[in-house]
Amino acid sequence: MCAVLLLSSNQIRNPQHRLNWRALVLLAMLALTLVGQFLLAPMIAELRLAGASDQAEFARLHGVASVAYLVTSVLGLVLVVAPEEASLID
């Protein structure tokens, strides 16, 4: 829901640039969040229920989920810190 609101707000503020760098960052954050919630989390939960939380596959999936969360957080920080008039793709 937040992604939809932020993408809509971005498009309202920049109607002349539909695919600006902020929209791309927001879409990347949305994609990473969806992968984490609907792909990685169920796989991790399945391994945990099977009692395989001490195996390499569990550690690998948990590491991938952690990196995805870290990248999402850094991208969010970039959105907050970047000046309004910053232009990379526009």
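Derivation of every value follows stated rules applied to the coordinates shown; laboratory data play no part. Quantities reported herein were computed from a predicted structural model and do not represent experimental measurements. Counting neighbours? That spans all protein chains shown, and the Cβs are built from the backbone with ideal geometry, glycine included.
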Dividing the helical contributions, -39500 (n - 2.57) per DSSP H run of n ≥ 4, by the residues of the chain yields a 222 nm value, nearest 500 deg cm²/dmol, of -22500 deg cm²/dmol
Percent of all alpha-carbon pairs of the chain at distances over 16 Å, whole number, is 60
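Between Glu84 and Ala56, how high is the FRET efficiency from 1/(1 + (r/R0)^6) when r is the Cβ-Cβ distance and R₀ = 41 Å? Nearest 0.05.
Here the calculated transfer efficiency is 0.35.
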Of the DSSP H helices in the chain, the ones reaching 24 Å or more along their long axis in Cα terms and averaging at least 0.0 in Kyte-Doolittle hydropathy are 56-81
